[in-house]
1. Taking amide H atoms as placed 1.01 Å from N in the peptide plane, list the residues 5 or more away in sequence, or in a different chain, whose amide H sits under 5 Å from that of THR828.
2. How high is the FRET efficiency between LEU248 and LYS354 when r is their beta carbon distance and R₀ equals 35 Å, given to the nearest 0.05?
3. Which loop chymotrypsin sites (Phe, Trp or Tyr not before Pro) in the range 473-576, with loop taken from DSSP, have no more than 16 other Cβ atoms within 10 angstrom of their Cβ?
4. Can you pull the one-decimal nm distance between simple spin-label points at ARG713 and LEU806, each 7 Å off the Cα toward Cβ?
5. Which stretch or stretches of the range 334-353 have amide N atoms under 17 Å from the point lying 7 Å from PHE315's Cα along the Cα→Cβ direction?
6. For ALA830 and GLU255 in the same chain, what is the full-extension length gain: residue separation times 0.36 nm, less their Cα-Cα distance, in nm?
7. What full-extension length gain, to one decimal in nm, is calculated for GLN415 and ARG272 as 0.36 nm per residue of separation minus the Cα-Cα distance?
8. Considering only C-alpha atoms, what is the centroid distance from the range 428-477 to the range 363-383, in Å?
Amino acid sequence: QLQNSTFVTCPVQMAELRPVLFTSTSLGRAAEVGHSACSSAYPCFRRGKSAADSWVRNGLLVASSLGSTSAVARRRLDKRPGKRFHRIARYGMAYGDEFVGEEVDKELAESLQARTFESLDFDFVLQKLQSLCYTARAAEMAVNPADLMAGSAAEARDLFGMVLELTNLEDEDLELEHRLDISAEVEACSKGGVFEEEDAEKVAECLEAFLRLRNGLAMAAQRGLQIPLLMEISSKIELPDELLDVMLEAFVDGELSEKKFPEIKESRERLRFLEDACGAKLREVLASGKYQRYLEDDGYSKFGKRFVLSVKSEFKSKVGKTLDESRTGRTAYVEPYELTEMGQEIEQLNQELKLTIRRILSVMSSAVARSVNGIRTCLEAAAKIDLARARLFLGEDLQGEIPDVRDEGIISCRQARNPCLVLRERSKVVSYKLQIGDPTQGLIISGPNAGGKTVLLKTMGLLALLARCGIPVPGGEAPRVDFFKVVLAEVGDMQTIVDDLSTYSAHLVASRIMLSVTKTSKKRSLVLVDEAGTGTDPQQGAALAQAIIEAFLESGARVVATTHCLQLKSWAMEDNRTETVAMEYKDGKPTFRLAQNAIGESHAMETALRLDLPKKLVARAEKLLSEDQQTLLVLQRQAEKAEQEFMAQTEQAREAEAEAREAKEALEEQADALQRREEGILEMEVDLAKRRELMRKQLQADFKAKWKTQERRLEEVVKRLKEEAVQNGARFKVAGDALEELRIEKDHEAEAAYQEEVRKRSEPILLKPEDKLGIGDWVMILSQSGSGSPWRGSKAFVQSASDPRLVTVALHGSYNTLMLPKTELARTSAPIKPKKPVSGNKHYRKEGKAAPMRDYSKMGW
């Protein structure tokens, strides 16, 4: 298998010693695909498989004659530091620059998929997702597409359904802030290992976190929240009672709980009692001064669980048992003879306590070992919930929406933005209107260099990948991104896929692999091709690119391609299966916006000038163009100039339209204000009429009340006079005259009160220059001369007061209109119609005449 491979070792400095791989189809031809620093002048050593295996064991990378395999091995080696790989291709034959073989195609397809993720910057999105995960297992799944991506449209909808359900939860419903990183501890137990105390506490905390997560979701469901998908996952968090009984509430402040394990409590209490007794005994010894002259200091310390004194080395045997010494050897740490027995007892109790703890930890380890599968299931369930929450958080960072996911190969977004740019730049990202799959299968993008074509291409691919991962997409309102089983991109230098080949040959191999993959997935395939038709002869490259794209379309795949080839642009305009879009180019620079149903020019010369290439060089390049190309360039610039003029005129028309619209709105506002004022005046008039009517009724009521009072008085007088009439008939006549005079006086008082009220209401109120008049206000004309003097003292109502100095009025009665200065008018009230006397007596005493005499003696009472 290795007979065609030549391994070369370069005798350079030892620090730079590296393996170099040469591949050949014959012993006479070699192509370097390894380290570029070596030279063929160095001696070569042909070795067999044993030598190759030896190099692998020593950490050297062995690659096959297939450059793609070495590229895969190197990339994976870079992504997984600390691991050593060797990949030996077992199948495949090299014929010139072509690679064939089923196994080779499979490896190249895997490499192309990895290259797709890398070229679309999908790894950057996954790293952001990983940073939002709490649990260790979810963080692993976040960067592993196999664990992250849905396998069907239904699964993708379920992933989005979980994200939607999470939006209904409160913070306390989802208690998941623990790392749950106990895989190593659980695996150790499954292989017969025994916990250390800190490991057991870590596992116990994780088990409690599992229960809090499950119980929090259960309580949310009991409140009526609809979270069926989350409940289905949380139902898998099920642990045996045997494990829970021994692990729950087993630790307090990092130690085994004395409440849960009484034997631990008993041992610790005995140990504390002995330590207290030792301390008391030691203090007693120190107080006695027995060893005072042998001590370095007056205090004591603890060596482990035993009490010691700091003693001078030459006197240590006189004090007790030496347990330790200082580095200098001048001080010995000695347990006094008085504490030897108690110290040994403390040591024994410590051993018993350790054995008890070890026994309990063994029981815990055995319980965990018997529940390994259940714990793994709980870890997976918690990781899925945590990953769903990370999807929600990332969707918020992307300002994304949950798309409609179906199985018809359609992408439809009104305001699609590149997810990576959104995560980096937030609100500065330009949005696109994207549509593919209905009605067209293909999208051909053209436009200037550095104009955003590749960004748009990557946006399409990332939207498809995000939808498959269940991450809300930045696609504007109500986006639709269907499930794509295959997303393959041919972006950048494809030599990283097939290192042995030229750039264009590598493109062709990648195209062949993509055609092979899309045969089965059909409309659920999304193929992204950057710079189609380049890398070789322009005409032949464009023809081959068109044929490849047509093959993709015939298979049912959705194709998005960028190109500068005029032949591809023309074909795309004529083919009903494709739509052409162009990146805008205005004012000598790209705008990064998308123009629908358009073809964009490359603007190579303008781009060169914009990037500060020497003008002389660009001018020379223009002269080197063919006559047709120069004519086309001139026409293109004229078209751009005409477009700029058109845009300027359009902008001027838009500004004029905006000004006219503003003026119209201002007039409408004035009309609305005038209408509101008229309505206000009408309301004021209605209110004034109501108030006038109310005042009239109040005056009438007051007058009637006074009249009733007078009538009662009169009735009392008449009653009294009637009684006296029987007794004094002759004097009744005089009383009748008095009664009549009383009635007449009362009528005069009522008339005087009425006239006074009329006078007060008709008295004019002098106007000042700054006073405001409204339409319908009543005024009195006070002109001494001029046009208003004939009507001095007349009342009129205001018809117009728009002029601050002149007022148009209409005379009361005749309704003739006059325009008078405001200073010649006085505010007054509306005219009041004269009323009849309120008294019921129609007989008034005339001047100089006495009232007629009446004979009341004959009247019937």
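1. Residues meeting the criterion, in which the H sits 1.01 Å from N, are ILE765, TRP778, VAL779, MET780.
2. Values: r = 23 Å, r/R0 = 0.67.
In this case the efficiency is close to 0.90.
3. Listed in order of number, the matching sites amount to none.
4. With each label placed 7 Å out from Cα toward Cβ, I get 5.8 nm.
5. What the label zone holds, given the 17 Å backbone N cut-off, is 334-338.
6. 197.3 nm
7. Working: separation 143, 0.36 × 143 = 51.48 nm, distance 7.16 nm.
Full-extension gain reported as 44.3 nm.
8. Going from one Cα centre to the other spans 44 Å.
The values are calculated or read from the model by the stated rules, or taken from the named source; none is laboratory data. All values reported here derive from a predicted model rather than from experimental measurement. Cβ: placed from backbone, ideal geometry, glycine included. Neighbour counts: every protein chain shown. Just the protein is used for accessible areas: all its heavy atoms, side chains included, with ligands, DNA and RNA removed. Shrake-Rupley method; radii C 1.70, N 1.55, O 1.52, S 1.80 Å.
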